[in-house]
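Every read-out reported here was derived from the displayed coordinates using simple, explicitly stated rules and does not represent laboratory data. The structure displayed is predicted, hence computed values, not measured ones. Quick reminder, even Gly has a Cβ in these numbers, built from the backbone with ideal geometry, and neighbours come from all protein chains shown.
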Amino acid sequence: MIEFDIEGNILSSICDAVAVITKEPAFVFQESGVSIVALDDAKIMLANIGLRKSLFNTYDVPGLQKVSFDIKELAKHLSGAAGPTMITIKSMEYGDKENRLDLMVPSRYGFKSIFIPILGEVEPSMVPKAMPFDSFCKIDVGGLEQIARDADRVDTVYCRFSIGDEDQLVAKLMGDNSTVTNVLEDGKSIICKKFNPEAKFVLSKEYLADAVKICKFFTNITKMSFGSALMPIMFEHQLPFDALFRIYIAPITNIEGATP
């Protein structure tokens, strides 16, 4: 049996963010904390969230355990939660009558208890250990949100990123009737950077918009890492509590004219 309690507003934000990617993430409980791994159905976006033990008010985890449950169902019951939320994860493997998550949430008038079934055996997707990123920038996600909106305006799926002649991050959006080129400037969107002038990649506007949406549950700042070689683009969101949140998005490679 696993028991822990955590501030309800933190857990609610994490659940809402993970639910953008999938309803069935894998939770890996260890003595040092929890890893949450979420992979979307198309296997294009993968998230790795690490919640350190210090983030919890109580944390009782007997060794390594892996579970999965409907994160969207949990998120519904955490909406507006305030104060510590107690969670118990029960398993028949450890003598309980059924596999389920027991949730006790404080409410305006007292508290409420919720039971959510645990899903079948789960094996988390592999999280990349290290990649040869040669470019990164810390960026205000408002600039990325603007790119996704402009992609809607020109009616294109593809956001083509490259490094401009003046060492700027450039996104080119090519529609049938118009083309928009967004240049993200230092001091406006770009906070700090290190670019390889050969770096470039293509993302779909939907996945770019999802990365922005996830970030904005916590902050308006993210670190974006990419490279001149073909590899996933990593977003590392800056969180206001003791945890890490990384998102990997596979670039688009198989369409004619997709190269920036």
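Just one of (1) closer than 29 Å to residue 107 by Cβ; (2) polar (S, T, N, Q); (3) surrounded by fewer than 20 Cβ atoms within 10 Å (Cβ to Cβ) fails for residue 30. It is (1).
Which ones in segment 206-237 are within 16 Å of residue 145 (Cα to Cα), surrounded by fewer than 18 Cβ atoms within 10 Å (Cβ to Cβ) and of a type in the set (A, V, I, L, M)? Residue satisfying the conditions is 221 alone.
Residue check: residue 203 meets all listed conditions (1) assigned to a loop (DSSP other than H, G, I, E, B); (2) within 22 Å of residue 44 (Cα to Cα) but one, namely (1). Which members of segment 39-77 meet the condition of being of a type in the set (Gly, Ala, Ser) and in contact (Cβ under 8 Å) with a residue 24 or more places away in the chain? Listed by number, the residues that qualify are 47, 50, 54, 63, 68, 75.
With respect to (1) within 18 Å of the chain's Cα centre (by Cα); (2) of a type in the set (Gly, Ala, Ser); (3) assigned to a loop (DSSP other than H, G, I, E, B), the lone exception for residue 63 is condition (1).
Residues in segment 206-241 that are part of a loop (DSSP other than H, G, I, E, B) and over 17 Å from residue 16 (Cα atoms): 227, 228, 229, 230, 231, 232.
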